[in-house]
Protein chains: 2
Amino acid sequence: MSETIGFIGLGLLGMPVARNLLTSGYTLKIYNRTASKVEPLLALGGTQRYSPQDVVTSGGIVVSVMSDDAALESIVSSEGFLERLGKGGVHLAMSTVAPETSRKMAALHAEHGCLYVEAPVFGRPEAAAARELWVCCAGEQAAKERVRPLLEAISQGIFDFGEQVGAANIVKLCGNFLIISAGRSIAEALTMAANNGVDPNAVVDMLTTTLFSCFIYQSYGARIVANSGVYQSNWIAVKDTGLFEQTAQKAGGSAPLAHLLHEIMQENLLS
Amino acid sequence: MSETIGFIGLGLLGMPVARNLLTSGYTLKIYNRTASKVEPLLALGGTQRYSPQDVVTSGGIVVSVMSDDAALESIVSSEGFLERLGKGGVHLAMSTVAPETSRKMAALHAEHGCLYVEAPVFGRPEAAAARELWVCCAGEQAAKERVRPLLEAISQGIFDFGEQVGAANIVKLCGNFLIISAGRSIAEALTMAANNGVDPNAVVDMLTTTLFSCFIYQSYGARIVANSGVYQSNWIAVKDTGLFEQTAQKAGGSAPLAHLLHEIMQENLLS
């Protein structure tokens, strides 16, 4: 594990991922827009760089964990990034973005002889810290094999959706849509029960030990009860319900549930 | 188990419930609107009756499994039914109805000195046949204790929501809403994936072994994949999303997701 890896993006997810790579023995050259965030990682052996291209080793591996499509595009198009990555270099992109953004990125990398692996992950920051993310990946086989040890170091499981970049982000958007739909449904059910005099705890206990005895219902159920029946929106929920709907529409379909969830997540964010 | 039980309603759910009570050793007097449906149960020791009141033993137990609020109300208000059930008699009502219908039924029974236990169940007909229903119940404690052996004979678990009739139907409507919401969400996700060239089987495999590793997602996931991404509507889905929305609204809340699901279930039923 002596290979030096470039690492870009220390957000809520990127920070624990970088920390786990460092404690697994990887050497990281790290860039983050807000430079001060790199500091806690220096003690773990990380080194700080001040531009995207400066984390890149020719023909090496660079990992990015960006917040959205625009942030990912801005890194890839930043001065010297692709030129330096060059022939045989691999970009492991862990952001959740539109599949077409991912395909556009893959094409740009191909123009410079480098490879693009998309690997969006499921899991909250606590799961990332505990190396319990679930990874969806897609990209050229040899490139996926090269980055596999990194993905193993940060996750509890890797699901491979083939060589066509875009597929893993489609699955990720499906999963986020199902999570947000479940969360909002739980909130609507528990509010209906509470308003009618039934203890939401009893409803959650019954349903999550029988029909819905799985992680999402158990964790969101408990959290929504504690939050007085409210499923908290955030910008990720707004972004991903929007991307889901766009992706459905661009393929000629409709997504009325995603449309409503996008509206509700937006309203709850503003209120 | 020598007590003779009255039994009304041999629909998709009532039939396997009656069969399991008979094979558990109960003697049943059975009424069904379509009389010919009783025939297969005669060989198991059931006896046929031709009106609701004729299945009733004074002070005994009568079980009903009706399709909706109107059918339940018509049984309870039928000639001689409550009069004959009389003092100490117990009506175990397994239909899924509006909580206010259930409360109205309980009040009518109280006027005649008899007791009303609501016990809506979760489970498809196959689960009912295998004694794998989940029961939600509410009603007076002594009455619930009296009917408990019957519920144990037909289910894999009983959840008691107290003495206030209505509570168990509120929980049942919450559960059906969550099931229908999950089913429709899975359909929307798998259709989006398939339209974008991703194998729905791979999506279901990934999600139901990780975040959603529970009965509803596994069974509906497989069924929806087999049905080309369509979540089949039926009159129960239309009825219960409608009852959920009404119950939310009557308590002063709104239920935008239930409203949309009700519309979608209605459209899919008609098309």
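The values are calculated or read from the model by the stated rules, or taken from the named source; none is laboratory data. Quick caveat, the model's predicted, so the values are computed rather than measured. Methodologically, a virtual Cβ is constructed for each residue, glycine included, from the backbone with ideal geometry; neighbour enumeration extends over all protein chains shown. The accessibility values were calculated without ligands, DNA or RNA, using every heavy atom of the protein model including side chains. Shrake-Rupley method; radii C 1.70, N 1.55, O 1.52, S 1.80 Å.
How many residues are open to solvent by less than 50 Å² (accessible area, probe 1.4 Å) and in contact with a helix residue (DSSP H, G or I) (Cβ under 8 Å, 6 or more places away or on another chain) when one looks only at the range A:214-238?
Count: 12.
On inspection, A:SER254 qualifies as out of contact with any Pro (no Cβ under 8 Å at 6 or more places or on another chain), exposed (fewer than 14 other Cβ atoms within 10 Å of the Cβ) and under 22 Å from A:VAL171 (Cα atoms). For the range A:147-168, state whether one or more residues are in contact with a helix residue (DSSP H, G or I) (Cβ under 8 Å, 6 or more places away or on another chain) and on the phi > 0 side of the Ramachandran plot. The answer is yes, given that some residue of the range A:147-168 is in contact with a helix residue (DSSP H, G or I) (Cβ under 8 Å, 6 or more places away or on another chain) and on the phi > 0 side of the Ramachandran plot. Restricted to the range A:260-271, and to residues there that are more than 9 Å from chain B (Cβ to nearest Cβ) and assigned to a helix (DSSP H, G or I), the residue that is most open to solvent (accessible area, probe 1.4 Å) is A:LEU270. Just to be sure I understand the filter: pairs with C-beta atoms under 7 Å, separated by 6 or more residues or on different chains, first member in the range B:95-119 and open to solvent by 20 Å² or more (accessible area, probe 1.4 Å), second member part of a helix (DSSP H, G or I). Which pairs pass? Here the result reads B:LEU108/B:VAL76; B:LEU108/B:LEU82; B:HIS112/B:LEU82; B:HIS112/B:GLU83; B:HIS112/B:LEU85; B:LEU115/B:HIS109; B:LEU115/B:ALA143, each pair linking the range B:95-119 to a residue that is part of a helix (DSSP H, G or I). Name the single residue that is farthest from B:VAL62 (Cα to Cα) among those in the range B:6-42 being touching a Lys or Arg at 6+ places or on another chain (Cβ under 6 Å) and without any contact (Cβ under 8 Å) to a residue 60 or more places away in the chain. Checking each candidate, the answer is B:LEU10. Would you mind stating whether A:ALA153 is out of contact with any Phe, Trp or Tyr (no Cβ under 9 Å at 6 or more places or on another chain) and not assigned by TED's automatic domain parsing to the domain that holds A:THR241? Answer is no for this residue. Scanning the range B:135-172 for residues that are open to solvent by less than 20 Å² (accessible area, probe 1.4 Å), under 23 Å from B:LEU22 (Cα atoms) and over 14 Å from the mean Cα position of the chain (by Cα) yields B:ALA143, B:LYS144, B:VAL147, B:LEU150, B:ALA153, B:GLY157. All conditions in (1) surrounded by 22 or more Cβ atoms within 10 Å (Cβ to Cβ); (2) farther than 26 Å from B:GLN218 by Cβ; (3) not acidic (Asp, Glu) hold for B:ARG184, with the sole exception of (2). Taken over the range A:120-129, residues that are over 17 Å from A:ALA167 (Cα atoms) and either open to solvent by 10 Å² or more (accessible area, probe 1.4 Å) or within 14 Å of chain B (Cβ to nearest Cβ) (or both) amount to 6.
Whether any residue in the range A:202-221 is in a helix (DSSP H, G or I), more than 7 Å from every other protein chain (Cβ to nearest Cβ) and over 30 Å from B:VAL121 (Cα atoms) is what I want to check. No, that holds for no residue. When restricted to residues that are assigned to a helix (DSSP H, G or I) and more than 7 Å from every other protein chain (Cβ to nearest Cβ), the range B:192-201 contains 3.
Pick from the range B:236-254 the residues that are facing chain A (nearest Cβ under 7 Å) and touching a residue at least 24 places away in the same chain (Cβ under 8 Å): which of them is farthest from B:PRO120 (Cα to Cα)? Can you show your working first?
First, pick out the residues of the range B:236-254 that are facing chain A (nearest Cβ under 7 Å): B:244, B:247-248, B:251-253.
After this cut, where a residue has to be touching a residue at least 24 places away in the same chain (Cβ under 8 Å) as well, the list is B:244, B:247.
Values: B:PHE244: 14, B:THR247: 16 Å.
Residue satisfying both the conditions and the ranking: B:THR247.
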